[in-house]
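Some notes on the structure that comes next.
The values are calculated or read from the model by the stated rules, or taken from the named source; none is laboratory data. Note that the structure is a prediction, hence the values are computed from the model and not measured. Cβ placement follows ideal geometry from the backbone for every residue including glycine, while neighbour counts extend to all protein chains displayed.
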Amino acid sequence: MKILNVVGARPNFMKIAPLMAEYGRHENIHAILVHTGQHYDEIMSNLFFRELGIPEPDINLEVGSGSHAVQTAEIMKRFEPVLVEHKPDVVVVVGDVNSTIACGLVAVKSGARLVHIEAGLRSGDRSMPEEINRVLTDSISDFLFCTEQSGVDNLLKEGIAKEKIHLVGHVMIDTLLSNLEKAKKSTIIDQLRKKGCLDGDAFAMLTMHRPSNVDDPKTFSRILDALEVIQKELPILFPIHPRTRKNLNALGLQDRMDSLRNIHIMDPIGYLDFLKLNSCAKVVLTDSGGIQEETTVLKVPCITLRENTERPVTAEIGSNQIVGTDPQRILAAYRNATSGKWREPQIPPLWDGKAAQRIVKILLEEL
Ligand code: UD1
């Protein structure tokens, strides 16, 4: 069976890693890896391939950045000849980025069977580009692999045939569990101490890159109001996404950020260092999707700077609290987290490190 796998942006890499490893255990699978080049910097892309032992992509479409239309269209144009040449039986797309829908759409029209990993997640917020990517990719997929029960329920509500839907757990958590020991050996905390970013053991982690937070100066400033208070009590480590770094300048917020002396901005960091920091943080503040899930497994309190989540299990039984961008709500959640009142989280069903095995078994049985 010829399986062509697509990755494009940073959160895709940890999802494809365990699948590539699992394909390697089956002689009857021929796996091809295509990188669209949506993310292309050393620290946004190559580093993850090395750390996670993902094979070099067989093909890199090198699309780079662009508006949604330009990026999506360019990926489609460059992906079509790859399918014509390789004629895969199956195309696997992961997550909800522009590469996911662009390659999914080209794949189904070429006659390949489309597999969507991390299917069914819904924030209900159609102003998020990822939500559009999710709904459209799911509607054209032949195999829909879900990480949590809400995903299954959403797909059934949207009229997707139940035979196509499989609850298998989470490939991103496969990667987390298999790298945790390695991450513990990371020296990032010592390095940050030497640089003077940390003195004691306690710190908060921050990540922020959603257009709704970092493209809008009012929202960005409101979040800074809360961070200003928090950094007086706890150093905040902030590996900054390129979009956010650009916007600090473009929106005239750089001076204010610079005045917050205990927020330590750093370049984006690799997977293992990031995992180490998140696992040791007192609290994580984020607008990412995946980090809500990773902190649940790490049992570290997570404050989500968004009004909604497409990953409700993390808030229902995990360590996540959805607070939005109101400074008072952010601070209340922070006080709750640091006063030890946070509820003991549970790990969602099937987040046990075996999702990739389940997925490949199902594909081999059904194709
Ligand atoms: C994309 C995904 C988002 C995901 C995020 C993770 C979509 C619609 N969005 O958002 O779901 O959470 O990736 O990071 O697919 N840039 C660099 N170097 C890179 C890549 C990007 O400097 O390697 C800069 C460029 O200036 C680019 C900007 O970051 O314009 C945004 O990149 P883009 O891929 O358009 O969207 P993300 O915000 O990264």
Looking for something farther than 24 Å from Glu131 by Cα, away from the ligand (no atom under 12 Å from the Cβ), assigned to a strand (DSSP E or B) and not aromatic (Phe, Trp, Tyr) - is there at least one such residue anywhere in segment 8-20? no
I need the full set of residues from segment 74-99 which are in contact with a Lys or Arg (Cβ under 8 Å, 6 or more places away or on another chain) and outside any strand (DSSP E or B), in order please. His86, Lys87, Pro88, Asp89, Gly95, Asp96
Restricting to segment 191-247, what's the tally of residues that are in a helix (DSSP H, G or I), within 15 Å of the ligand (Cβ to nearest atom) and among the aliphatic types (A, V, I, L, M)? 1
Residues of segment 51-73 that turn out to be touching a residue at least 40 places away in the same chain (Cβ under 8 Å), assigned to a helix (DSSP H, G or I) and not acidic (Asp, Glu), as a count: 2
For segment 168-197 the number of residues that are within 30 Å of Val152 (Cα to Cα) and either of a type in the set (D, E, K, R) or free of Cβ contacts under 8 Å to residues at least 60 places away in the same chain (or both) is 1
Could you give every pair whose Cβ atoms fall below 7 Å, whose first residue belongs to segment 207-218 and is closer than 16 Å to Pro239 by Cα, and whose second residue is near the ligand (Cβ under 9 Å from one of its atoms) and basic (Lys, Arg), counting only separations of at least 6 or pairs across chains? His209/Arg243; Val214/Arg243
Just wondering, is there one or more residues in segment 165-173 that are closer than 17 Å to Ala9 by Cα, away from the ligand (no atom under 15 Å from the Cβ) and part of a helix (DSSP H, G or I)? yes
What residue, among those in segment 21-45 that are assigned to a helix (DSSP H, G or I) and free of Cβ contacts under 8 Å to residues at least 60 places away in the same chain, is nearest to Lys361 (Cα to Cα)? Ser45
Restricted to segment 117-135 and to residues being more than 15 Å from the ligand (Cβ to nearest atom) and not aliphatic (A, V, I, L, M), the residue nearest to Gly159 (Cα to Cα) is Gly120
Note: among Glu294, Glu307, just one is buried (at least 23 other Cβ atoms within 10 Å of the Cβ) and outside the structural domain of Asn28 (by TED's automatic domain parsing), namely Glu294
Looking at (1) free of Cβ contacts under 8 Å to residues at least 40 places away in the same chain; (2) within 29 Å of Ala356 (Cβ to Cβ); (3) not hydroxyl-bearing (Ser, Thr, Tyr), which is the only condition Gly200 fails? (2)
The residue that is farthest from the ligand (Cβ to nearest atom), considering only those in segment 248-268 that are within 17 Å of Ile330 (Cβ to Cβ) and part of a helix (DSSP H, G or I), is Arg256
When you check Thr314 against the structure, is it at pLDDT 95 or above and assigned to a helix (DSSP H, G or I), yes or no? yes
Yes/no for Thr309 being part of a loop (DSSP other than H, G, I, E, B), in contact with a strand residue (DSSP E or B) (Cβ under 6 Å, 6 or more places away or on another chain) and hydroxyl-bearing (Ser, Thr, Tyr): yes
Taking Phe48, is it in a helix (DSSP H, G or I), more than 20 Å from Gly104 (Cβ to Cβ), touching a Phe, Trp or Tyr at 6+ places or on another chain (Cβ under 7 Å) and not acidic (Asp, Glu)? yes
Can you tell which of Val6, Val34 is more than 27 Å from Met208 (Cα to Cα) and crowded, with 19+ Cβ neighbours inside 10 Å? Val34
How many residues, within segment 151-164, are of a type outside the set (Asp, Glu) and in a loop (DSSP other than H, G, I, E, B)? 3
Give the number of residues within segment 21-33 that are closer than 24 Å to Met76 by Cα and either within 16 Å of the ligand (Cβ to nearest atom) or not hydrophobic (A, V, I, L, M, F, W, C) (or both). 1
Provide a single number: the residues in segment 48-86 that are of a type in the set (A, V, I, L, M), within 11 Å of the ligand (Cβ to nearest atom) and surrounded by 19 or more Cβ atoms within 10 Å (Cβ to Cβ). 2
Provide a single number: the residues in segment 122-149 that are in a loop (DSSP other than H, G, I, E, B) and either charged (D, E, K, R) or surrounded by fewer than 24 Cβ atoms within 10 Å (Cβ to Cβ) (or both). 9
